[in-house]
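Notes for the one structure printed next.
The values are calculated or read from the model by the stated rules, or taken from the named source; none is laboratory data. Here the structure is a predicted model, which means the values were calculated and not measured. Here the Cβ is made from the backbone with ideal geometry for all residues, glycine too, and neighbour counts use every protein chain on show.
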Amino acid sequence: MIKKLQEEISKYVNKNPKIKEAQQTQKLQKAIPLKLQKGIEEITIKNTTIIIKTKSPSWRQEITFFKKEIIKEIDKNFRNYNINKVTIL
């Protein structure tokens, strides 16, 4: 019996929540401007908050200026996320 590869992969991803979460954060990283991605180490989502960990305090300050742009871009590309707050660590 031949099974479709795409269907099997999606079933596997849905069964493993860690893989699904990693895919979501990877999609979110694409929504952040390229010039800021250099300074970001990790992005996590908790409820309606995005937590961004930066490499240095100077990157933290730089990303602080773009908070509103980040929220707008995520809202524009991913309607299912209701992001109200960006926390930068």
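One residue stands out in the stretch 26-45 among those that are assigned to a helix (DSSP H, G or I) and at pLDDT 75 or above: the one that is farthest from the chain's Cα centre (by Cα), namely LYS35. Does the stretch 16-25 contain any residue that is at pLDDT 80 or above and of a type in the set (Gly, Ala, Ser)? No, the conditions are met nowhere in the stretch 16-25.
Among the residues of the stretch 48-89, those that are part of a loop (DSSP other than H, G, I, E, B) and either touching a strand residue (DSSP E or B) at 6+ places or on another chain (Cβ under 6 Å) or within 14 Å of ILE32 (Cβ to Cβ) (or both) comprise LYS55, PHE66, PHE78, TYR81, ILE83, LEU89.
Just to verify a result, which residue in the stretch 45-74, among those that are farther than 11 Å from LEU89 by Cα and polar (S, T, N, Q), is surrounded by the most Cβ atoms within 10 Å (Cβ to Cβ)?
Step one: list which residues in the stretch 45-74 are farther than 11 Å from LEU89 by Cα, which gives 45-49, 58, 62, 65-74.
Those left that are additionally polar (S, T, N, Q): 47-49, 58.
Working: ASN47: 8, THR48: 10, THR49: 12, SER58: 10.
This residue is THR49.
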